[in-house]
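Okay, so here's the structure we're looking at.
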Amino acid sequence: MDVLHAPWRIDYILAPKRVAGPGEQSLFTQIAQSSDDVGNYVVARSKTCYAVLNTYPYNGGHLMVVPYRQTAGLETLADEELLDLMRLLRRCQAALNEVMKPHGFNIGINLGQVAGAGIVEHLHVHIVPRWTGDANFMPVIAGTSVVPQALAETAAKLRAALTHIA
């Protein structure tokens, strides 16, 4: 039997899930305000939002587009923020197409804890590249996915692609 390791997932699985209380900053707000884009796997920044690789991805290249402003839902985004979010999402999808050549995408938003939001207090849009046959036995039986490329390497390739994608 072959053994495949995805050690980065266990930290997320076992870690307590913290919701920012009133007046506290979410993890996404902390990343937004940080200048360490390489260490945080931020691949692009725009006027009102940024794109970041998911540290605990469902698939290689799993990105999230996040408004700088901490808000839990779409209804509280200003029109400018919503447009900027969609434009950055489109740029990221184009970069993922160029760099990773997926066969398709899952793009979505989980609003609220019961809908699967891991950081309920800060809206974020997931972009998950998909390939034919990528849903194998690992996620179904073992609750684990196998990501074939290091996050830092993926982030560097996406940053490079995003420099020429408008």
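The values are calculated or read from the model by the stated rules, or taken from the named source; none is laboratory data. Computed from a predicted structure; not experimentally measured. Quick reminder, even Gly has a Cβ in these numbers, built from the backbone with ideal geometry, and neighbours come from all protein chains shown.
Assorted remarks:
- Which listed residue, of L96, L77, L111, L82, is touching a helix residue (DSSP H, G or I) at 6+ places or on another chain (Cβ under 9 Å) and free of Cβ contacts under 8 Å to residues at least 12 places away in the same chain: L82
- Enumeration of residues in the range 32-62 that are among the β-branched types (V, I, T) and within 14 Å of A95 (Cβ to Cβ): V42, V43, V52
- In the set (1) aliphatic (A, V, I, L, M); (2) surrounded by 16 or more Cβ atoms within 10 Å (Cβ to Cβ); (3) assigned to a loop (DSSP other than H, G, I, E, B), the condition left unmet by A51 is number (3).
- Residue match in the range 104-116 (condition: touching a Gly at 6+ places or on another chain (Cβ under 7 Å), surrounded by fewer than 19 Cβ atoms within 10 Å (Cβ to Cβ) and within 25 Å of E24 (Cβ to Cβ)): yes
- The condition of being within 25 Å of E24 (Cβ to Cβ), under 14 Å from the mean Cα position of the chain (by Cα) and part of a helix (DSSP H, G or I) holds for only one of L89, L96, L85, that being L85.
- Scanning the range 99-108 for residues that are farther than 12 Å from G61 by Cβ and touching a helix residue (DSSP H, G or I) at 6+ places or on another chain (Cβ under 9 Å) turns up just one, I107.
- Scanning the range 13-44 for residues that are loosely packed, with under 10 Cβ neighbours inside 10 Å, outside any helix (DSSP H, G or I) and modelled with pLDDT of 90 or more gives S35, D36.
- Subset of the range 55-82 [of a type outside the set (S, T, Y) and part of a helix (DSSP H, G or I)]: L74, E75, D79, E80, E81, L82
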